[in-house]
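K.L.:
Quick one: the structure is below, questions incoming.
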Amino acid sequence: MMIAPTLPAELKAALDAKLQGFSRTDAAQRSRKISTTYRAGGGSGTIKSEADALAYALARMPATYAAVAASLSAFTETAPDFAPETLLDVGAGPGTASWAAAVAFSSLQSFTLLDANATLSRLALDLARDSSRLSDYRCLPGDAAANLAELPQADLVVASYIIGEIGESDQRRLAETMWAKARHALVVIEPGTPAGYARILALRQQLIADGAYVAAPCPHEKPCPLIAPDWCHFNQRLPRSQAHRQIKGAEVPFEDERFIYVALTRTPPPARSPRVLAPPAIGKAEVTAKLCTTEGVELAKVARRDKAAYAGARRWRWGDAVLSES
């Protein structure tokens, strides 16, 4: 099931209600300060007040939701029968990934959110208070890794945009703990930068060594075949609301969020397909696309004379799984 990249109606309504009377100018200033901290390698420590948390949510929730939604959509394509009942959301912030997981998996009944920032955890609870699915959120503020170690396993563990906030040795320990707590699957999402790719690659390699299988985006457990300066990442376009444009100081009505993810499972996926690694080139004579296959990176060319295959290839999009390697 493909999940829409836009915030669910319940979440958007709850966020809009919180933003009534909230100065967009003030929000923009707070958001810039928070973004500067994150870009410098810092974490959420600069988010100290409800106004800070709202500014962060207004600026980042839409794009983070879109990236998580795209990642979970790709996972559900590979594992269509996966029906988790319990979720651990590690580094949950305002609860963005839990909202996306609730849409992706109607089977989910229990949501536990872990985040070191108590202000963001309070906002997560506020936003979910009137939700038909998420009102029974369990939020555990404090060190996410420490809290995680004390919790029972969940069917699905999700960690979005959190790995880069901690040191390399802590990243390895967190990956190990998250995998131990994932009864069936772990999905990790990071920014689609070379550094984010490197973090996902390291986690992927570590957990494959511990017995994990890759459900998406890779169609194999082999080393990544891409060679620097190339790196694996994907793109999700999402619409910007007027408030979102105001806080971003942007004029265009959309935003492109680049991200990288890995979905790992305890058992081998029933089937895996090649993945489109870049926007395909659609020409009058043929479609050309860079694919990650079980045999490595392949430049697939689908000629127009093969009408059915050409029509299918014209619908390929960056990040899609394709049905065949032809």
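K.L.:
Starting from the Cα-Cα distance between Asp26 and Val252, subtract it from 0.36 nm times their residue separation and give me the gain in nm to one decimal.
P.N.:
Details: separation 226, 0.36 × 226 = 81.36 nm, distance 2.11 nm.
That works out to 79.2 nm of additional length.
K.L.:
Among all the lysines, which ones have a C-alpha under 28 Å from Lys48's C-alpha, if same-chain residues fewer than 8 places away are not counted?
P.N.:
Lys12, Lys18, Lys33, Lys248
K.L.:
Taking the alpha-carbon centroid of each part, what is the distance from the range 266-297 to the range 157-196 in angstrom?
P.N.:
Cα centroid of the range 266-297 versus Cα centroid of the range 157-196: 25 Å apart.
K.L.:
Now, a different point. Could you give the distance between the Cα centres of the range 8-27 and the range 92-146, to the whole Å?
P.N.:
Each part's Cα centre sits 18 Å from the other's.
K.L.:
How many percent of DSSP beta bridges within the chain run antiparallel, rounded to 5?
P.N.:
Here the share of antiparallel DSSP bridges comes out near 60 percent.
K.L.:
What does the extension gain come out to for Glu85 and Arg138, with contour length at 0.36 nm per residue minus their alpha carbon separation? Show your work: numbers first, answer last.
P.N.:
Numbers: separation 53, 0.36 × 53 = 19.08 nm, distance 1.44 nm.
So the chain would gain 17.6 nm between Glu85 and Arg138.
K.L.:
Continuing with this model, one more query. Among the GluC sites (Glu not before Pro) within the range 249-326, which fall in a DSSP loop and have no more than 10 other Cβ atoms within 10 Å of their own Cβ? Mind showing how you got there, number by number?
P.N.:
On the way: sites: Glu251, Glu255, Glu257, Glu286, Glu295, Glu298, Glu325; in loops: Glu251, Glu295, Glu325.
Passing both the DSSP loop test and the Cβ count: Glu251.
K.L.:
Please compute the length gained on full extension between Ser107 and Ala308, using 0.36 nm multiplied by the number of residues separating them and subtracting their Cα-Cα distance.
P.N.:
Details: separation 201, 0.36 × 201 = 72.36 nm, distance 3.62 nm.
Using 0.36 nm per residue and subtracting the Cα-Cα distance, I get 68.7 nm.
K.L.:
In addition: Do the sum for the chain: with -39,500 (n - 2.57) for every DSSP H run of n ≥ 4, divided by all residues, what is the mean residue ellipticity at 222 nm, to the nearest 500 deg cm²/dmol?
P.N.:
Working: 10 runs with 125 residues, N = 326.
-12000 deg cm²/dmol, from helical runs alone.
K.L.:
Straight distance only, please: which aspartates and glutamates reach the Cα of Lys222 with their own Cα at less than 12 Å, same-chain residues fewer than 8 apart left out?
P.N.:
Excluding near neighbours in sequence, the set is Glu295.
K.L.:
Now for a separate question. Which order, highest average first, do 259-268, 66-75, 143-152 follow once you tally other Cβ atoms within 10 Å for each residue and take the mean per peptide?
P.N.:
Values: 259-268: 20.8, 66-75: 25.7, 143-152: 15.3.
Those peptides, ordered most packed to least, come out 66-75, 259-268, 143-152.
K.L.:
Give the value in nm², to one decimal: projected area of the alpha carbon convex hull of the range 265-326, averaged over all directions.
P.N.:
4.5
K.L.:
Radius of gyration and Dmax for the range 67-138's Cα atoms, expressed in Å?
P.N.:
12.1, 36
K.L.:
Run the reach check for Lys290 against aspartates and glutamates, Cα to Cα strictly under 13 Å, same-chain hits fewer than 8 apart removed. What comes back?
P.N.:
Asp230, Glu298, Asp320, Glu325
K.L.:
For labels at Ala195 and Thr294 in the simple 7 Å Cα→Cβ model, what's the distance in nm?
P.N.:
With each label point 7 Å from Cα toward Cβ, the separation is 3.7 nm.
K.L.:
Using a 10 Å cut-off on Cβ atoms, rank the peptides 102-110, 48-56, 187-195 from the highest mean neighbour count down. Don't skip to the end; give the middle numbers.
P.N.:
On the way: 102-110: 17.1, 48-56: 19.2, 187-195: 21.2.
The peptides rank, most packed first, as 187-195, 48-56, 102-110.
K.L.:
Just the number, please: carbon plus sulfur as a percent of the accessible area of the chain, 1.4 Å probe, no ligands or DNA/RNA counted. Present the calculation step by step, with values, prior to reporting the outcome.
P.N.:
Numbers: 7710 of 14980 Å².
Roughly 51 percent, rounded to a whole number.
K.L.:
Follow-up question, since we're still on this one. So how do Ile208, Ile227 rank on accessible area, 1.4 Å probe, biggest first, that is with the largest at the start? Write out the running numbers ahead of the final one.
P.N.:
On the way: Ile208 40, Ile227 130 Å².
Ranked from most to least accessible, the order is Ile227, Ile208.
K.L.:
Just how much of His184 is accessible, in Å², when a 1.4 Å probe is used and the result is rounded to the nearest 10?
P.N.:
Estimated to the nearest 10 Å², His184 gives 80 Å².
The values are calculated or read from the model by the stated rules, or taken from the named source; none is laboratory data. Worth saying up front: this structure is predicted, and the values here are computed from it rather than measured. So basically every Cβ, Gly included, is an ideal-geometry build from the backbone, and we count neighbours across all protein chains shown. Just the protein is used for accessible areas: all its heavy atoms, side chains included, with ligands, DNA and RNA removed. Shrake-Rupley method; radii C 1.70, N 1.55, O 1.52, S 1.80 Å.
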